[in-house]
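Okay, so here's the structure we're looking at.
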Amino acid sequence: MAVVENGMKITHASTLNNVSVLTDLAHTEREATVALIVHLAEFDSRGLYAGLGFQSTWAYCMEVLRLSEDATCNRIEAARMVRKYPIVLDMLETGTLSPTTARLLAKRLTDENHEALLAEASGKSKRQVEELLARHFPESDVRASVRRVSGSGAGPVAAQEPPAPAPALAESQSRMDSGSPSRASSSPTASAPALSAAPRPVVRSLAPERYEIRFTASAETCEKLRLAQDLLGHAVPSGDLAQVFDRALDVLVQELVKRKFAVTERPRPNRGQSDDSRNIPADVKRTVFVKDRGSCAFVSPSGRRCGSRRFLEFHHVEPYGAGGKPTAHNIQLRCGVHNRYEAELFYGPGKRCEGGDQVREAEAVYRCAVEFTRPGTGERSRAYESTA
């Protein structure tokens with residue numbers, strides 16, 4: 001992979017020793033993207049694609065510039081916004097607005113509201129902008145439904161699908177092609193790939209505190225859903241899917257938190273354990289879960305906390321191999337990535353194995369390190385070097 005560092009082209013990044021180069025590369029990429037958007041705005045407004053044998057800017061971007069469908073849609077929408085609202089260009093240059101969030105805002109901006117909406121969207125992620133738009137332009141709830149759809153696998157599957165799904169890529173393409181001199185005849189459908197029959201999972205803001213959730217499920221899942229609706233007939237006579245899923249998730253989350261972090265309304269007293277036990281008592285798990293707010297407590301040197309709630313593990317601040325005890329003071333939550341990262345910081349890279357071997361090897365490395373730091377014979381030093 002070729003990258004440019006300090007104006008020089010290099011063929012690999014194995015020499016990376018200063019991560020600030022990534023910031024420089026991201027800035028360079030953003031500058032190139034903004035320059036492309038500015039030129040696309042001129043190219044599109046003058047209809048230069050027609051003289052090159054294309055029906056639209058969209059077709060030219062796909063076939064000649066080799067942009068992806070999403071990249072093409074985002075950049076064309078951003079280009080047209082730049083011509084109408086020049087402030088968008090400044091936001092794209094500083095990174096407070098991306099082509100993706102610009103595309104989300106495009107259909108809602110007007111001469112009257114564009115300054116306020118752009119200011120509110122500044123620096124926000126795609127999901128945050130979607131929620132912002134849902135607050136300002138709330139949509140009605142989608143009708144809950146379960147229907148059979150054709151799948152590419154072993155047969156039909158059940159899916160919850162709203163009557164008005166999110167706009168497809170082909171519709172975005174059609175919307176972008178409208179209004180140009182030579183777009184009236186036809187759209188460049190030959191350049192667009194066929195859409196998948198099964199819709200991708202969707203979580204979309206409709207209004208404040210209201211979301212559309214759409215996914216494809218198996219026949220077994222559909223049958224479980226119908227059974228749950230029947231069993232909840234007295235509590236939820238309408239069989240409303242949102243209420244059924246909410247109740248099901250309450251039970252699931254409660255069970256998972258109990259299993260993973262021993263959180264329960266009736267905790268049992270601690271029966272005690274040996275001082276050298278690696279087991280983390282249930283009361284410690286509960287305390288750590290509350291203390292770390294159920295998320296990774298790793299904090300970088302710059303002060304950024306990870307905060308991930310996925311793949312959580314219990315981490316010994318003072319490693320177990322170094323005599324760390326499984327106490328509430330010494331145990332914290334870490335995601336899998338940061339738990340491994342801190343273990344390698346302590347034991348060194350390449351010292352981790354799977355299962356029990358990991359613990360035994362880590363302890364062996366620690367013992368060798370302790371021996372190496374003590375006054376001793378040359379054999380100890382050579383033993384440590386061979387282990388390291």
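Where a number appears in this text, it was derived from the coordinates with a stated rule and is not lab data. These numbers come from a predicted model, not from an experiment. All Cβ positions, glycine included, derive from the backbone under ideal geometry; neighbour counts span all protein chains shown.
If you go through segment 281-324 one residue at a time, how many are part of a strand (DSSP E or B) and under 13 Å from Glu342 (Cβ atoms)?
Total meeting the criteria: 5.
If Glu77 passes every condition in (1) under 26 Å from His39 (Cβ atoms); (2) among the acidic types (Asp, Glu); (3) part of a loop (DSSP other than H, G, I, E, B) but one, which one does it miss?
Against the list (1) under 26 Å from His39 (Cβ atoms); (2) among the acidic types (Asp, Glu); (3) part of a loop (DSSP other than H, G, I, E, B), Glu77 comes up short only on (3).
Looking only at segment 53-71, count how many residues are in a helix (DSSP H, G or I) and either without any contact (Cβ under 8 Å) to a residue 24 or more places away in the chain or surrounded by fewer than 19 Cβ atoms within 10 Å (Cβ to Cβ) (or both).
6
Just wondering, is there one or more residues in segment 123-132 that are over 15 Å from Asn74 (Cα atoms) and aliphatic (A, V, I, L, M)?
yes
Residue by residue through segment 121-147, note down the ones that are surrounded by 16 or more Cβ atoms within 10 Å (Cβ to Cβ) and part of a helix (DSSP H, G or I).
Answer for segment 121-147, where residues must be surrounded by 16 or more Cβ atoms within 10 Å (Cβ to Cβ) and part of a helix (DSSP H, G or I): Ala121, Val129, Glu130, Glu131, Leu132, Leu133, Ala134.
Determine whether Ala50 is surrounded by fewer than 21 Cβ atoms within 10 Å (Cβ to Cβ), touching a residue at least 24 places away in the same chain (Cβ under 8 Å) and over 17 Å from Lys126 (Cβ atoms).
yes
Run His39 past the list (1) buried (at least 16 other Cβ atoms within 10 Å of the Cβ); (2) of a type outside the set (D, E, K, R); (3) part of a helix (DSSP H, G or I) and report the number of the one that doesn't hold.
The single condition His39 does not satisfy is (1).
Could we say that Arg108 is touching a Cys at 6+ places or on another chain (Cβ under 7 Å) and within 24 Å of Ser205 (Cβ to Cβ) here?
no
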